[in-house]
1. Return the residues of the range 47-72 that are surrounded by 18 or more Cβ atoms within 10 Å (Cβ to Cβ) and among the β-branched types (Val, Ile, Thr); say none if nothing qualifies.
2. Condition first: in contact (Cβ under 8 Å) with a residue 40 or more places away in the chain and in contact with a Phe, Trp or Tyr (Cβ under 8 Å, 6 or more places away or on another chain). Now tell me which residues in the range 29-55 satisfy that.
3. All but one of (1) hydroxyl-bearing (Ser, Thr, Tyr); (2) under 16 Å from Gln104 (Cα atoms); (3) free of Cβ contacts under 8 Å to residues at least 40 places away in the same chain hold for Thr149; which doesn't?
4. Which of the residues that make up the range 73-99 are surrounded by fewer than 19 Cβ atoms within 10 Å (Cβ to Cβ) and either touching a Pro at 6+ places or on another chain (Cβ under 9 Å) or more than 18 Å from Glu52 (Cα to Cα) (or both)?
5. Only one of Arg152, Arg143, Arg124, Arg113 is under 20 Å from Tyr41 (Cβ atoms), surrounded by fewer than 18 Cβ atoms within 10 Å (Cβ to Cβ) and either of a type in the set (Lys, Arg) or at pLDDT below 95 (or both). Can you tell me which?
6. For the range 117-125, does any single residue satisfy the condition of being in contact (Cβ under 8 Å) with a residue 40 or more places away in the chain, in contact with a helix residue (DSSP H, G or I) (Cβ under 9 Å, 6 or more places away or on another chain) and either of a type in the set (A, V, I, L, M) or not in a strand (DSSP E or B) (or both)?
7. For the range 171-186, what are the residues that are of a type outside the set (S, T, N, Q) and assigned to a strand (DSSP E or B)?
Amino acid sequence: MKTPKSLIAALCCLTLAPALVAEDFTPLFDGKTLEGWKNPYTWGNVEIVNGEIHLKADKKFFLVTEKTYGDFVFEADILLPEGKANSGIMFRAHAEPGKVFGYQAEVDGDPNRGWSGGLYDEGRRKWFISPIKGNAESEAAFRNRAGDTFKRNDWNTYRITCKGNKIKIEVNGVVTTEVEDDKDATGVIGIQHHGEKGAVYKFRNLRIKELN
């Protein structure tokens, strides 16, 4: 009996699938040490607990990579503390003693606003890109894209893709932001504690795939 051509095609696709979707990510956190990371502030406490990075502070601070990155795909999981909370993942950012600024993928703890996955320009243009704060059309379009993909009291997976001037942010597999912007082409990656006293911000599975 001859094998139908459609079945042969399907089997070929299954055979090729692993090669097509394989992504060679490099861990940015080994689950045991903070090798490759630094705190540019004189405050902020960083602990490693069960393979997670826990940030504690009384003032806002960022933990950033020692290395800079240009074109890449970055992934991380984040869990916000209960109560008032707000965080972000910095990328192509700039770190100076006591200061971190640049692109930030928003992690919004306010369910009424719901801007998780937005693109914020920390320390510069602020909500100038996605969404544009105060622009009703831009804000509505963002909420339509993001929907309710962000889980307030659970782990959320962020994926940030940068290639040239193209920036894409995904939250739990949903594309929330996809824009072109020329402000920065390279910089550090960072994770944020927003400064709520007693709050613990948790991060895990931080990894990156640099793009040629």
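1. Listed by number, the residues that qualify are Ile53, Val64, Thr65.
2. Those that are in contact (Cβ under 8 Å) with a residue 40 or more places away in the chain and in contact with a Phe, Trp or Tyr (Cβ under 8 Å, 6 or more places away or on another chain): Phe29, Pro40, Tyr41, Gly44, Glu52, Ile53, His54, Leu55.
3. (2)
4. Of the residues in the range 73-99, the ones surrounded by fewer than 19 Cβ atoms within 10 Å (Cβ to Cβ) are 73, 77, 82-84, 96-99.
Those that are surrounded by fewer than 19 Cβ atoms within 10 Å (Cβ to Cβ) and either touching a Pro at 6+ places or on another chain (Cβ under 9 Å) or more than 18 Å from Glu52 (Cα to Cα) (or both): Val73, Gly83, Lys84, Glu96, Pro97, Gly98, Lys99.
5. Answer to the selection: Arg124.
6. The answer is yes; a qualifying residue exists.
7. Val171, Val174, Val175, Glu178, Val179, Glu180
The values are calculated or read from the model by the stated rules, or taken from the named source; none is laboratory data. This is a predicted model, so every value here is computed, not measured. Counting neighbours? That spans all protein chains shown, and the Cβs are built from the backbone with ideal geometry, glycine included.
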